[in-house]
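Presented below is the structure to which this report refers.
The values are calculated or read from the model by the stated rules, or taken from the named source; none is laboratory data. Not measured: the values here are computed from a predicted model. No Cβ is skipped: glycine too gets one built from the backbone with ideal geometry, and neighbour counts run over all protein chains shown. Areas reflect the complete protein model, heavy atoms only, side chains present, ligands, DNA and RNA absent. Shrake-Rupley method; radii C 1.70, N 1.55, O 1.52, S 1.80 Å.
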Amino acid sequence: MIDLRLGVVDAPASRTGGEVELLIAGGGPAAWTAGIYAGRYRLDTLILAGHQPGGQLALTHAIENFPGHSNVSGQLLADEMRKQAESAGARVAEDQVESARAGEEGIVIATTSSEYTARALLIATGAAPRKLGIPGEDAFYGRGVSYCGTCDAPFFRDRRVLVVGGGDTAIKEALYLTEYASEVVVVHRRDELRAEPVLRERLLSNDRITMLWSTTLLEIRGDEDSASGGVTSVLLESVRDGSKTTEPIDGVFVFIGWDPATKPFRGLVELTPDGAVSTTGGVRTSRPDVFAAGDVRDTDLRQVVTAAADGARAAFAAYRLLRE
Amino acid sequence: MGILSENDAREIRKILADMEGEVTLTIFTQKLECETCPESEMIVSELTELSDRLSMVRINPLQDKGRAEELGVERVPAILVSDGSHARVRFYGLPSGYEFSSLLTAIVDAGRSGDLVESATRGFLDRLGIDLDMKVFVTPTCPYCPRAVVLAHRLAASSERVRAEAIEANEYPLLSTKYRVQGVPRTVINDRYYVEGALPEIHLVQALEKALADEKAEPGEIDLVRYLEPPSEAEAEESGPE
């Protein structure tokens, strides 16, 4: 059975700009769910889904905790949500928000090629993978350093790879990588995992996975002139006694958390010191005509189901603002 | 139907209904030493049944060497997508996973009458003084990849100076090793300029134009990222020291 992804990347001509009642920035479960609700409320709705529609969800190999789906591919779930939003009446453009400011007629949203004016804005841009910020990370990006297991795992068949992190994403990706790599070494700065207990159990019972507890990564080393031009080793430090060791490794997958994608919205709404959108009552921001939903806001649980719930609430709040 | 489910077929019919012109899919396949040729051929053949505007030409490069050489097709399976006027938009490898959506996009694009690129890009293409050969390495499980593939293909479809190939990295391990591919999407231009990840059209075109004009650049591989617009001062301050 061959997996085929349907769909078409839209042409620049479809990114027309103009006026819209509700503009939803983002392409993950919060944005699609808001689109489903806003469409059914008959709001004139445009979703700017960015350059990678589906968001983090599309990068997730399997979702096991979305009610009604005991095991579904993240891509499939994201595709279904998008279709549902489109059939509810929301329009979608695969354009990315570059900036947003308050104008006289509403919120003015600029993308790389167009400008939109919206009476209400929903920020649902999610979060981007956090970098380690260590030597070698940028130099070997695409040469053994990766933030996407589903994309790059096939290049590490029968190789030895390192996974950095201890949360749900890190553990899911480590488990996925065992389908390709001969050995997956998980480096975690603490001596226990933040990940869900069910994932923890699977990790610890997998004989292809080796745990390096209380350890941090100091440097990624490689040989730019070799045939593969890739990563060859890493320098590790023990949190306990500060001792340093070199570990031979072919690839480094980094999953140490996510940074809210709020850059275009600085100055428009209040952000927390961590860069998330400050919200009250769930989805309200410091501006009455701007809402926030999903991983981009200051929330304590970043899951598909909570993002979807946020999206529904935000669409409802926008509806009340615009029509009541 | 074989590979496409009834559900897939129904959706693809809807997608292809937007096509305004005729589109030809030229597929190069052979029986010898080509594991993914039969399935690639089935996909293309089933696709052509879903629209009257779509037709298929099948070429066996072992039997018709001249045609393969003339078009510069060096690997199988290869799929060329065009309105019949050129052979610059290419896929190497089985178009599965996300690569299938890139193929659908190339088909719809070839059948479209409007512009496929931004107006600023049009200017860049008109100014091009050399030919560009773009290779985009992908995997079928990479959701970022269609962005990079579609952009390269649209540049190729819009200029006689540009040829763009999407290459399934797993299927051509020697080629992937030669181009040092360990992450996707990886775009390599004229075997010299490269970029990791999918850049927005405007950014790629600006960086590429600067890189091509840079006479002081050292020989060897050049990462296009260095030619991207530097962040504004405010942004640089906020991101802090690296």
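What residues of region A:147-163 lose no less than 50 Å² of accessible area with every protein chain in place versus their chain by itself (probe 1.4 Å, heavy atoms only)?
Residues meeting the cut-off: A:Cys151, A:Phe155.
Only four residue types carry charge here, +1 at the Cβ of Lys and Arg and -1 at the Cβ of Asp and Glu. Report the dipole size of chain A about the Cα centre in Debye, rounded to the nearest 20.
640
Okay, which of region A:247-287 sit inside 12 Å, backbone N to the point 7 Å along the Cα-Cβ direction of A:Arg101?
The answer is A:267-268, whose backbone nitrogens lie closer than 12 Å to the label point.
Using the Kirkwood radius over Cα pairs, work out the Stokes-Einstein diffusion coefficient for chain A at 4 °C and 1.567 mPa s, in µm²/s as a whole number.
The Stokes-Einstein estimate is 62 µm²/s.
Once you have the Cα-Cα distance between A:Asp300 and A:Ser70, take 0.36 nm times their residue separation minus that, and quote the gain in nm to one decimal.
Here the segment from A:Asp300 to A:Ser70 would lengthen by 80.5 nm.
Sticking with the crude label model, points 7 Å out along Cα→Cβ, report the distance from B:Asp115 to A:Lys244 in nm, one decimal please.
5.4
Accessible area per residue of region A:157-302 at 1.4 Å probe, in Å²?
Normalised by residue count, the accessible surface of region A:157-302 is 47 Å².
As I understand it, the value is the acute angle between the Cα axis of helix B:6-16 and the longest principal axis of the Cα atoms of chain B; what does it come to in degrees, rounded to 10?
For helix B:6-16, the angle is close to 60 degrees.
What is the projected area of the convex hull of the Cα atoms of region A:107-192, averaged over all directions, in nm²?
8.6
Check each residue of region B:180-219 and keep those whose accessible area, probe 1.4 Å, is at least 40 Å² smaller with all protein chains in place than in the chain alone; give them in order of residue number.
B:Arg180, B:Gln182, B:Glu196, B:Pro200
For region A:1-142, what is the charge dipole size about the Cα centre, in debye to the nearest 20, if Lys and Arg each add +1 at the Cβ and Asp and Glu each add -1 at the Cβ?
Dipole of region A:1-142, to the nearest 20 debye: 260 debye.
Give the long-range amide H neighbours of A:Thr232: residues separated by 5 or more places, or on another chain, with amide H under 5 Å away, using H modelled in the peptide plane at 1.01 Å from N.
A:Arg221, A:Gly222, A:Asp223
Sorted by accessible area with a 1.4 angstrom probe, largest first, how do A:Met81, A:Met1, B:Met42 fall?
Highest to lowest solvent-accessible surface, that is A:Met1, B:Met42, A:Met81.
Name the shape class, rounded, prolate or oblate, that the alpha-carbon gyration tensor gives for region A:156-281, where a ≥ b ≥ c are the square roots of its eigenvalues, rounded holds for a/c under 1.5, and otherwise prolate holds if a/b is larger than b/c and oblate otherwise.
Prolate.
What's the average, rounded to a whole number, of partner chain beta-carbon atoms within 10 Å of each residue's beta-carbon in B:4-17?
1
Please compare each pair in A:Lys83/B:Lys14; A:Lys131/B:Lys216; A:Lys83/A:Lys263 to a cut-off of 24 Å on the Cα-Cα distance and tell me which ones are over it.
Pairs exceeding 24 Å: A:Lys131/B:Lys216; A:Lys83/A:Lys263.
How big is D, in µm² s⁻¹, for region B:50-180 by Stokes-Einstein at 25 °C and 0.890 mPa s if Rh is the Kirkwood radius over C-alpha pairs?
In µm²/s, the coefficient is 159.
Would you please name the GluC sites (Glu not before Pro) within region A:170-200 that are DSSP coil residues with at most 16 other C-beta atoms within 10 Å of their C-beta?
Hits after loop and neighbour filter: A:Glu179, A:Glu192.
Counting helices only, and only those DSSP H runs with n ≥ 4, report the 222 nm mean residue ellipticity of chain A as the sum of -39,500 (n - 2.57) divided by its residues, in deg cm²/dmol to the nearest 500.
-7000 deg cm²/dmol
What is chain B's relative contact order, in percent, from Cα pairs under 8 angstrom and six or more apart in sequence?
Computed over chain B, the figure is 16 percent.
I need the phi-derived Karplus couplings for region B:158-166: 6.51 cos²θ - 1.76 cosθ + 1.60, θ = phi - 60°, integer Hz, Gly and Pro marked x.
9, 8, 5, 7, 10, 10, 10, 10, 8
Mind checking the angle between helix A:74-88 and chain A's longest principal axis? C-alpha axes, 0 to 90 degrees, to the nearest 10.
For A:74-88 against chain A, the angle is about 0 degrees.
Can you classify the protein assembly as shown as rounded, prolate or oblate using the Cα gyration tensor, where a ≥ b ≥ c are the square roots of its eigenvalues, rounded means a/c under 1.5, and otherwise it's prolate if a/b beats b/c and oblate if not?
Since a/c stays below 1.5, the shape of the protein assembly as shown is classed as rounded.
In sequence order, what are the phi-derived ³J(HN,Hα) couplings for region A:208-214 according to the Karplus relation 6.51 cos²θ - 1.76 cosθ + 1.60 with θ = phi - 60°, rounded to whole Hz, with x for glycine and proline?
8, 9, 10, 9, 10, 7, 6
Which value in nm describes the separation of the simple spin-label points at B:Glu229 and B:Arg67, placed 7 Å from the Cα toward the beta carbon?
Label-label distance for B:Glu229 and B:Arg67, simple model: 4.6 nm.
Ballpark to the nearest 100 Å², how much total accessible area do B and A bury together, probe 1.4 Å?
4000
Tell me whether chain B comes out rounded, prolate or oblate; compute the Cα gyration tensor, take square roots of the eigenvalues as a ≥ b ≥ c, and use a/c under 1.5 as the rounded threshold.
Note, shape of chain B comes out prolate.
Short version: which residues of region B:123-160 lose at least 40 Å² of accessible area, all chains versus chain alone, 1.4 Å probe?
Residues shielded by partner chains are B:Thr141, B:Pro143, B:Tyr144, B:Arg147, B:Arg154.
Of all accessible surface on the protein assembly as shown at a 1.4 Å probe, what whole percent is carbon and sulfur?
It is 47 percent, rounded to a whole number.
Calculate, for A:Arg208 and A:Thr232, the FRET efficiency according to 1/(1 + (r/R0)^6) with r their C-beta to C-beta distance and R0 35 Å; round to the nearest 0.05.
About 0.95, to the nearest 0.05.
List every residue whose amide H lies under 5 Å from the amide H of A:Val163, counting only residues 5 or more places away in sequence or on a different chain, with H placed 1.01 Å from N in the peptide plane.
A:Val185, A:Val186, A:Val187, A:Phe253
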